[in-house]
């Protein structure tokens, strides 16, 4: 009897050993940047192809997502696309950006095509006119945006702006300037100049105005300047000084810091009613307001528990809730555009560094290496962070991928710069 | 101390009493013995008194000689009797002993015999039993020999199957080795080509259904169960296409046209 | 080391005020500090004693109209704004007494912080330092109108540098006489 059962069992094994399909578990990914090659041909009257290549390469490389391979081995343009794909595959690139600058009956244009080398297909292809309005930098950044978005599905930020403050110490008296520039530091324009200190620049939600602190009246006061006209308006706060302006995303409010009864507290100014509401009420310092996405919640720095840490509070009511607990110093919080992360200045005994705090996971990760890093500002897509650091006693601006892996100093020749703020 | 002295006192009294009793007993015995001897002695003396008047000196001497003779005879007699008695006793003893011996022997013999009988009986019983069992067995064997034949037939068949199965097991293990190797080759090839950007977290399992030709060339890739996240899905697709052609199967039987790749990203 | 600066400061200021007879302004020549004392150290306990004695000597001797109240700088630990040291309390007391005595005198309490960390927070820190001293003066009976509070955060360091010593010299409050009537 037993033997019969065994028989049946064995036969069963026999028959089930042939599967209908094979299941394979793949779980060991390599984390790294996607390899890409860029090749721009031709030239315009003003610009060489190298300039386009360089700008796009810097943009994509600085984002942290791409590794730009040297394309000199495939510089010879071959007509047969299959052969080209084969060549690109051999080179190890996943993507190939091919661009051509040409003259079409007096109109100069640049045509670019993004190839997916693995699938052997074209992803996107566009033509952009090069005219007065579309200078080389603008066009190149635009191309970077398109490439970035097609591959990652994430919004490109290469055509956005940054604002920052510079100190010119070359003259007898220091000159302080507020600048607006491209993300790579080029096309920098000083929109305000003063012999007195300037601080804490912040963009309006539509990027049409910048609010900042000026000491022109020998004390900190908030001014709002319209970029297009240069018009300046002071934020009235009774006769008190005010600092740390923060624009609500719905454009209706501005949060700021003022001193009341010897304590630094946060207020919210209503642009419509011109009223000021007091938000915090604690002994000590409450400052550096940063709005939540819905213009209801405010993150801020407070030392109510001894050391400066980040707290949050609904600005109209409710109690303050402590956000950060790690380290002895957490300040200057900046919220990412998806509302999930705060970039901040963090010190855990090892100098002041930039850290990213995940609000949901309650996890803090240090992403910079200096000891005097400050003023972190997320890119509009949350994938990069701009901050101020020191190099040889001079202030510099650094852009880094949000995991700290790729770090690039922004070229702003010679100036002592600080307090960068990325536009929206 | 009081108790002890009391006890000693009691003991000494007891001892004294016992001694007194013993002495009394012994005395009584002695007295009774003395009494007995006295009586026998009195009887003899009385017998002599009757014949004293008519006896001359010669008579007396004869009589004395006679007495002496008699005494001697008596002595002899007594001796003979004693001897006789002794002999008789001895004889008796010997007889008793002999009887005893005999008895014992008889009993021993009896016992022996009984035991032997018992033994023989047991052996006989055993033999009987054995025989009975053997008989039984034989009967049984007779009964099942028929089944045995059938079983033998089945056994033969099973052996045949077992042979087949053994061959198949060997083949299976070859195949499973080959299959394991094949899976490993494909897995390494694809993992080597799987590149993920830095801030992608995706620990759910996404399946890619891959169709291939026997040459390893991939003909189609379909992703299942991975929604959203362009970069992640693209990374899977890229990893698969970049791995074409897939490694050739080490054994033709192991080749599968359809592969299900279960991708699991980092946490 | 700081003793030297302060003493030299006092001497220079006395000379200037004697010559001009004007009230002291905020315009301190930074070069004075930098060139005369290249090696700067944090005030030590020993130095404190010496300053105190110099302090009291000056106060007693000088004419009321002349403004030389000795040390006008109070230093702080990192992230701190409370006034704990007896010397510092004494300084504030002296100023309070002076202000109470002369109605028309006015001070500007200028708060500073070292360069580390967030700028806006450092501005608040400087302000908190000034405000705390103002509170003490108010408690000492000084009129609100005699006190002006301002913070420069990390924007006006006393000493340039990025080590602990220079940082400690920048974490300070300076009590400055603002011109009467202005």
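The values are calculated or read from the model by the stated rules, or taken from the named source; none is laboratory data. Here the structure is a predicted model, which is why all the values come from computation and not from measurement. Positions of Cβ are backbone-derived with ideal geometry, glycine not excepted, and every protein chain shown enters the neighbour counts.
If you go through the stretch A:52-75 and pick out every residue that is part of a helix (DSSP H, G or I) and at pLDDT below 90, you end up with 3. In the stretch A:352-384, the qualifying residues are those that are in contact with a strand residue (DSSP E or B) (Cβ under 6 Å, 6 or more places away or on another chain) and in a loop (DSSP other than H, G, I, E, B), and the one that is farthest from residue A:311 (Cα to Cα) is A:370. Filtering the stretch A:266-294 to residues that are within 29 Å of the chain's Cα centre (by Cα) and within 10 Å of chain C (Cβ to nearest Cβ) leaves A:285, A:286, A:287, A:288, A:289.
Quick check on residue A:280: is it crowded, with 18+ Cβ neighbours inside 10 Å and assigned to a loop (DSSP other than H, G, I, E, B)? When the stated conditions are applied, residue A:280 passes them.
Please determine whether any residue of the stretch A:84-98 is assigned to a strand (DSSP E or B) and more than 14 Å from chain B (Cβ to nearest Cβ). So that I can check it myself, show each step before the final result.
Pass one, the stretch A:84-98, residues assigned to a strand (DSSP E or B): A:95-98.
Those still in the list that are more than 14 Å from chain B (Cβ to nearest Cβ) too: A:97-98.
Yes, the stretch A:84-98 contains at least one residue that is assigned to a strand (DSSP E or B) and more than 14 Å from chain B (Cβ to nearest Cβ).
One residue stands out among those in the stretch B:233-261 that are more than 8 Å from every other protein chain (Cβ to nearest Cβ), under 21 Å from residue A:32 (Cα atoms) and in a helix (DSSP H, G or I): the one that is farthest from the chain's Cα centre (by Cα), which is B:233. Filtered by the rule that a residue be within 14 Å of the chain's Cα centre (by Cα) and either over 26 Å from residue A:390 (Cβ atoms) or surrounded by fewer than 24 Cβ atoms within 10 Å (Cβ to Cβ) (or both), the stretch C:111-130 gives a lone residue, C:130. So, of the residues in the stretch A:89-108 that are surrounded by 18 or more Cβ atoms within 10 Å (Cβ to Cβ) and under 19 Å from residue A:48 (Cα atoms), which turns out to be modelled with the lowest pLDDT? Residue satisfying both the conditions and the ranking: A:108. The number of residues in the stretch A:318-340 that are in contact with a strand residue (DSSP E or B) (Cβ under 8 Å, 6 or more places away or on another chain) and over 12 Å from residue A:290 (Cβ atoms) comes to 13. Restricting attention to the stretch C:72-110, report how many residues are surrounded by fewer than 22 Cβ atoms within 10 Å (Cβ to Cβ), part of a loop (DSSP other than H, G, I, E, B) and away from chain A (no Cβ under 12 Å). Total satisfying the criteria: 8. Of the set (1) without any contact (Cβ under 8 Å) to a residue 60 or more places away in the chain; (2) surrounded by 17 or more Cβ atoms within 10 Å (Cβ to Cβ); (3) under 30 Å from residue A:381 (Cα atoms); (4) within 8 Å of another protein chain (Cβ to nearest Cβ), all apply to residue B:230 but (2). When the residues of the stretch A:305-321 are filtered to those that are buried (at least 18 other Cβ atoms within 10 Å of the Cβ) and assigned to a loop (DSSP other than H, G, I, E, B), the one that is farthest from the chain's Cα centre (by Cα) is A:320. Residue A:43 satisfies every condition listed in (1) within 14 Å of another protein chain (Cβ to nearest Cβ); (2) surrounded by 14 or more Cβ atoms within 10 Å (Cβ to Cβ) except (1).
Rundown of residues vs (1) touching a helix residue (DSSP H, G or I) at 6+ places or on another chain (Cβ under 7 Å); (2) touching a residue at least 40 places away in the same chain (Cβ under 8 Å); (3) farther than 20 Å from residue C:149 by Cα, yes/no style:
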position: A:239; (1), (2), (3): no, no, no
position: A:254; (1), (2), (3): no, yes, yes
position: A:257; (1), (2), (3): yes, no, no
position: A:267; (1), (2), (3): no, no, no
position: A:272; (1), (2), (3): no, no, yes
position: A:277; (1), (2), (3): no, no, yes
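Take the conditions at pLDDT 95 or above and either more than 7 Å from every other protein chain (Cβ to nearest Cβ) or on the phi > 0 side of the Ramachandran plot (or both) and apply them to residue C:140. Does it pass? If you could, list the steps in order and put the result at the bottom.
Values: at pLDDT 95 or above: no; either more than 7 Å from every other protein chain (Cβ to nearest Cβ) or on the phi > 0 side of the Ramachandran plot (or both): yes.
The answer is no for residue C:140.
Of the residues that sit in the stretch A:117-140 and are touching a strand residue (DSSP E or B) at 6+ places or on another chain (Cβ under 7 Å) and assigned to a helix (DSSP H, G or I), which one is surrounded by the most Cβ atoms within 10 Å (Cβ to Cβ)?
Within the stretch A:117-140, the subset touching a strand residue (DSSP E or B) at 6+ places or on another chain (Cβ under 7 Å) is A:117, A:122-130, A:134, A:137, A:139.
Then keep just the ones that are assigned to a helix (DSSP H, G or I); that gives A:137, A:139.
Working: A:137: 18, A:139: 24.
Residue satisfying both the conditions and the ranking: A:139.
Please determine whether any residue of the stretch A:328-341 is under 16 Å from residue C:120 (Cβ atoms) and more than 12 Å from chain C (Cβ to nearest Cβ). Yes, the stretch A:328-341 contains a residue that is under 16 Å from residue C:120 (Cβ atoms) and more than 12 Å from chain C (Cβ to nearest Cβ). In the set (1) modelled with pLDDT under 90; (2) in contact with a strand residue (DSSP E or B) (Cβ under 8 Å, 6 or more places away or on another chain); (3) within 14 Å of another protein chain (Cβ to nearest Cβ), the condition left unmet by residue C:119 is number (1). The set of residues in the stretch A:353-372 being over 21 Å from residue A:291 (Cβ atoms), modelled with pLDDT of 95 or more and within 14 Å of chain C (Cβ to nearest Cβ) consists of A:353, A:368.
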